[in-house]
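This report refers to the structure that appears directly beneath it.
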Amino acid sequence: MKTTIKHLGRWGQRLAGAAVAGAAMLATHAAWAQVKDLPGGPAVNQTNLHPPVTRIAAEQMWLHNFVMIICVLIFVAVFGVMFYSVFKHRKSRGAKAANFHESVAVEVAWTVAPFVIVILMALPATKVVVAMKDTTNADLTIKATGYQWKWGYDYIKGEGEGLAFLSTLDTAQREASNSGNPPPMDDYLLKVDNPLVVPVDKKVRVITTANDVIHAFMVPAFGVKQDAIPGFVRDTWFRAEKVGDYYGQCAELCGKEHAYMPIHVKVLSQEDYSKWVEGKRKEAAAAADDPNKEWKLEELVARGEKVYNANCAACHKPDGTGAGPIKALVGSPKVLAEDHNVQIQVLLNGQNNGAMPSWKQLSDTELAAVATYTKNAWTNKTGQIVQPKEVLAARGK
């Protein structure tokens, strides 16, 4: 009797555990059921290519469907003949196996037929591939540089020439991911602080390269995917035919933060794009600080906190404690060093074979601010101030 009760207790525990697991699964399913399709991005339970918004993407989808139809027809024909032959000439019906070889007609048929099929697929595919590589006569040229783990955009030709900025995953989304229990959201890990902005119905040439490892610039709705390789310059192009927001990601495994390197392209009307360019120019002018200006400690710390959260917190964590191979900044000898050039050189040139990337793309004031912030944040209360002119001088060494 005692043994029976004991066994019932075990079964009860198992059933209770299964009930809890089932309830958790249902709760998770109910939570994620709130997630909707993201216009210009992934859809819930998506099984097809993204809806195209460029001519190239539309051609790619047509090719995909065309080749799929040919493959299905071949599958049906081959397996249909095979199953028919097996059924029609089965031994139970008294069929006798034939003994023949070297049928010229069959040899010609199975040589010519695949050749014709390949040509039928190759002709339209070649036309699309050639069009994909034609980056001439672009209205706008943008350089997209991959960093671990963000994108840098430089407008080098056309309206907006001279603009440059970094595009980083939204801090709130990163924190949600780090929590291990992110709330349902349609644009999860796709929201950035500075999207790439382009005008509608204009040919945009994208030059890709990378600062550290191989990345890949991919926006499915545009039919664009181009590797970004350190030391090499490659290019692709698109012409968006619809105003809206379109999303992509780095499509090359580029390190532990690979999942946190989204691409957000905002396509505006020509009028709105011109207004955006004008606004960005004003922002750039306001941010163009005089590197010889003397800053106060509290001013640099306030600005440095923003720079840190946008660029450094991803690896070193918001509290500066680091994680795994990422060094902690709290109590770091290089951060606390009275010789400011020690930390400045790390910021300018990186270290540990790119594990700590170079941040030369940031301004002298931004680097001075983030250095000052890390020297005075958390428990690093050194009271030291790194002035922009120190960074300027270090660049020239």
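Tell me, what is the FRET efficiency for V81 and I119 to the nearest 0.05, using R0 = 22 angstrom and their Cβ-Cβ distance as r? List each step's numbers first, then the result.
Working: r = 23 Å, r/R0 = 1.04.
Working from the Cβ atoms, E equals 0.45.
Cut-off under 30 Å on the C-alpha distance; same-chain residues fewer than 8 positions from K88 excluded. Which lysines are left, in chain and number order?
K96
Considering the options V106, P195, A131, tell which one lies farthest towards the positive end of the dipole of the chain, charges being +1 on Lys and Arg and -1 on Asp and Glu at the Cβ, about the Cα centre.
Farthest towards the positive end: V106.
Please work out whether region 247-397 counts as rounded, prolate or oblate from its C-alpha gyration tensor, where a ≥ b ≥ c are the square roots of the eigenvalues and a/c under 1.5 means rounded, while otherwise a/b larger than b/c means prolate and anything else oblate? Intermediate values should be presented prior to the final figure.
Values: a/c = 2.04, a/b = 1.26, b/c = 1.62.
Because a/c hits 1.5 or more and a/b fails to exceed b/c, region 247-397 counts as oblate.
Sum up the charges of everything whose Cβ sits under 9 Å from the Cβ of G41, counting Lys and Arg as +1 and Asp and Glu as -1, but leave G41 out.
Numbers: positive: none; negative: D37, D186, D187, D245.
Once positives and negatives cancel, what remains is -4.
What does the C-alpha gyration tensor say about the overall shape of region 83-213? Classify as rounded when a/c is under 1.5, otherwise prolate if a/b is larger than b/c, or oblate.
Working: a/c = 4.52, a/b = 2.04, b/c = 2.21.
Oblate, since a/c reaches 1.5 and b/c is not below a/b.
Once phi is turned into ³J(HN,Hα) by the Karplus curve 6.51 cos²θ - 1.76 cosθ + 1.60 with θ = phi - 60°, what whole-Hz value does each residue of region 329-341 show in order, with x for glycine and proline?
8, 5, x, 5, x, 6, 6, 7, 4, 5, 7, 4, 5
Among [x] 1.14; [y] 0.95; [z] 0.98, which is the computed Rg/Rh (Cα atoms, Kirkwood Rh)?
[x]
Which whole-number percentage describes the relative contact order of the chain, with Cα contacts under 8 Å and a sequence gap of 6 or more? Walk me through the intermediate numbers first.
Values: 605 pairs, mean separation 53.5, N = 397.
Worked out over the chain, it gives 13 percent.
Under 5 Å between amide H atoms, partner at least 5 residues away or on a different chain: which partners does W237 have, H built in plane at 1.01 Å?
Hits under the 5 Å cutoff: V206.
Over 23 Å between C-alpha atoms is what I'm after, so list which of K334/K381; K157/K191; K143/K375; K306/K375; K275/K306 land there.
On the way: K334/K381 14 Å; K157/K191 26 Å; K143/K375 34 Å; K306/K375 15 Å; K275/K306 26 Å.
Pairs exceeding 23 Å: K157/K191; K143/K375; K275/K306.
Send over a whole-number figure in Å² for the accessible area per residue of region 214-293, probe 1.4 Å. Present the calculation step by step, with values, prior to reporting the outcome.
Working: 3960 Å² over 80 residues.
Heavy-atom SASA per residue in region 214-293 reads 50 Å².
Among 321-329, 66-74, what's the highest-first ranking by average C-beta atoms within 10 angstrom per residue? Walk me through the numbers before you get to the answer.
Numbers: 321-329: 14.7, 66-74: 11.9.
Result, highest mean first: 321-329, 66-74.
Helix-only estimate, please: 222 nm mean residue ellipticity of the chain, summing -39500 (n - 2.57) across DSSP H runs of length 4 or more and dividing by its residues, to the nearest 500. Show your work: numbers first, answer last.
Details: 11 runs with 174 residues, N = 397.
Only helices count here, giving -14500 deg cm²/dmol.
Expressed as a rounded percentage, what relative contact order does region 247-397 have, with Cα pairs under 8 Å and six or more residues apart? Walk me through the intermediate numbers first.
Working: 170 pairs, mean separation 35.3, N = 151.
Contact order relative to length: 23 percent.
Short version: ³J(HN,Hα) in whole Hz for each residue of region 98-110, in order, from phi by Karplus 6.51 cos²θ - 1.76 cosθ + 1.60 (θ = phi - 60°), x for Gly and Pro, what are they?
Karplus-based 3J(HN,Hα) across region 98-110 equals 7, 10, 8, 7, 6, 8, 4, 4, 5, 4, 5, 4, 7 Hz.
In the Gaussian network model of the chain, springs joining C-alpha atoms below 10 Å, which of G162, G331, G80 carries the largest mean-square fluctuation?
G80
The values are calculated or read from the model by the stated rules, or taken from the named source; none is laboratory data. Note that the structure is predicted; figures quoted are calculated from it, not measured. In this analysis, Cβ positions are derived from the backbone assuming ideal geometry, glycine residues included, and neighbour counts consider all displayed protein chains. Please note that ligands, DNA and RNA were not included when accessible areas were found on the heavy atoms of the full protein model with its side chains. Shrake-Rupley method; radii C 1.70, N 1.55, O 1.52, S 1.80 Å.
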